[in-house]
Amino acid sequence: MARITAGVATSHVPAIGAAIDLGKTKEPYWAPIFEGYEWSKTWIAEEKPDVVILVYNDHASAFSLEMIPTFVLGTAAEFKPADEGWGPRPVPVVKNDPEFAAHLAQSLVLDEFDMTLVNKMDVDHGLTVPMSLMFGQPDEWPVKVVPLAVNVLQYPPPTARRCFNLGKAIRRAVESYPKDLKVMIFGTGGMSHQIHGPRAGLINAEFDNKFLDLLVEDPEQLAAKSHLEYMRECGAEGVELIMWLIMRGALNDHVTPLRRFYHVPASNTAVGHIVLDNA
Amino acid sequence: MAEDYDIPGTYVFDADASRRGFWLNQFAMSLMKPENRERFKADERAYLAEWQMTDEQREAVIARDYNRMLELGGNIFFVSKIGANDGKSFQFLAATMTGMTQPDYAEMMLKGGRSPVGARTKEEWEMHRG
């Protein structure tokens, strides 16, 4: 049987991807951020998951405003890095486990989560920056990836509660897959940031650190929060944190934090990262 | 009818904004393609005329007035592609929207960013800004 062995959350700031691609990771501004992920890179290289379900959002790369799907599951065999205006990031093509993704799709829809299934899409920094942070710069990604894209660009995104419950349905879907697969789930985006309007630059370290505490101990409280509270407290774009609840919902009630890291700033954003053992 | 979300200094991009800003955002997204970037650079007004945008939206683009673009239905993840096309960093765009210089804005971020104190509701935002 397939099972979820761990959950990982991380910000997916585009400037972090650029720093990696341009070889700036040792510069004083960036070094503390990359040092924050060293432990996790070693850990995941030893853990060797077979598949990662990667929860992220597209940033006007694969999806225009012609259609705004709330939850997208990528069911293609592979996904190319998107050209976000500066040429595609020099990272490997993302390979799916399409049989597993098809099983997830079927299980989730029959479990009343009406996913939009996508057989052709490019993946942008929302997906590739977490991959680079966790796996470095290999020629091929050492893991299969099922992309799960969430609408957080157009209000309203799904509620925090809906995200948390989707995580629970993902767990049921994974555990009903007959093959032995070691699965991890990543929740990405956040932490506090606002990158538009006169209130741009908002950072709320107190909120973020409390969020990290509650993510481990009492995610129910996070699932109960409204969009308005997230946007007000951690920035209009900080509402991305609801995607971390999909990851958390897929894990046991009790999890063990293995690694936690927080840093301000990366460009306009607070960087947060946590690794949760699901043993 | 536009909703009022009571978050200051923020343009909540909802379905109403998405409809109003549809062509502005589609234009901005078109700049992901190198050939479109070249055409826009060569003659901005001519390229903008090809899109079904309002004159106000076109003027906001020409002026690189990002807050105005957002007010007219722009979404930051779309209109920021105009800035990328200009060779500007995201931090530059963010700074211009706050009315700060880029060095001042960068300094604010290095010091921990903008505090949420006084920035949670429109009423307290007005009080703090006098």
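Structure summary
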{"item": "From phi via Karplus (6.51, -1.76, 1.60), per-residue ³J(HN,Hα) for region A:117-126 in Hz, x at Gly/Pro", "result": "9, 10, 9, 8, 6, 8, 10, 9, 4, x"}
{"item": "Cross-link pairs beyond the 29 Å C-alpha cut-off, checked among A:Lys168/A:Lys210; A:Lys24/A:Lys48; A:Lys24/A:Lys120; A:Lys120/A:Lys179", "result": "A:Lys24/A:Lys120"}
{"item": "Under 24 Å, Cα to Cα: Lys pairs in region B:2-129, sequence gap 8 or more or different chains", "result": "6"}
{"item": "Shielding by partners - mean other protein chain Cβ count within 10 Å, residues of A:10-17", "result": "1"}
{"item": "Nitroxide proxy distance, nm - points 7 Å out along Cα→Cβ at B:Arg64 and A:Val109", "result": "4.7"}
{"item": "Inter-label distance, nm, simple model (7 Å from Cα along the C-beta direction), A:Lys26/B:Asp86", "result": "3.5"}
{"item": "Phi to ³J(HN,Hα) by Karplus 6.51 cos²θ - 1.76 cosθ + 1.60 over region B:57-66, Hz, x for Gly, Pro", "result": "5, 5, 5, 4, 5, 4, 7, 6, 8, 5"}
{"item": "Region B:2-129 shape via C-alpha gyration tensor axes, a/c threshold 1.5", "result": "oblate"}
{"item": "20 Å cut-off, amide nitrogen to a point 7 angstrom out along A:Glu78 Cα→Cβ, residues in region A:104-120", "result": "A:118-120"}
{"item": "Rounded if a/c under 1.5, otherwise prolate or oblate - chain A, Cα gyration tensor axes", "result": "rounded"}
{"item": "Amide hydrogen neighbours beyond the local backbone of A:Asn278, cut-off 5 Å, H modeled", "result": "A:Ala6, A:Gly7"}
{"item": "Computed [θ] at 222 nm, helices only, for chain A once each DSSP H run of length n ≥ 4 contributes -39500 (n - 2.57)", "result": "-10000 deg cm²/dmol"}
{"item": "Placed amide H near A:Met115: partners under 5 Å, 5+ positions off or other chain", "result": "A:Val109"}
{"item": "Counted charge near A:Phe71, where neighbours are those whose Cβ lies closer than 11 Å (Asp, Glu -1; Lys, Arg +1)", "result": "0"}
{"item": "Sparsely packed trypsin sites (Lys or Arg not before Pro) within region A:121-190, loop by DSSP, other Cβ within 10 Å at most 14", "result": "A:Lys179"}
{"item": "Under the Karplus curve 6.51 cos²θ - 1.76 cosθ + 1.60, θ = phi - 60°, whole-Hz ³J(HN,Hα) for region B:112-123, x wherever Gly or Pro sits", "result": "x, x, 6, 5, x, 5, x, 10, 8, 10, 5, 5"}
{"item": "Centre separation in Å (Cα based) which lies between region A:12-88 and region B:1-79", "result": "26"}
{"item": "Sites matching GluC sites (Glu not before Pro) across region B:1-52 that sit in DSSP coil, with at most 16 neighbouring C-beta atoms within 10 Å", "result": "B:Glu3, B:Glu50"}
{"item": "Peptide B:89-97, shielding by other chains (average Cβ, 10 Å cutoff)", "result": "5"}
{"item": "Loop trypsin sites (Lys or Arg not before Pro), region B:1-69, which have at most 15 other Cβ atoms in a 10 Å radius of their Cβ (DSSP)", "result": "B:Arg64"}
{"item": "Antiparallel bridges, percent of DSSP beta bridges restricted to the protein assembly as shown (to nearest 5)", "result": "45"}
{"item": "Estimated distance in nm for a label pair at B:Ser115 and B:Trp23, the labels positioned 7 Å out from Cα along Cα-to-Cβ", "result": "4.6"}
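Each reported figure results from applying straightforward, stated rules to the coordinates on display, with no laboratory input. This one's a predicted model, so the numbers in the text were calculated from it and none came from an experiment. Every residue, glycine as well, gets a Cβ built from its backbone with ideal geometry; the counts of neighbours run over all protein chains shown.
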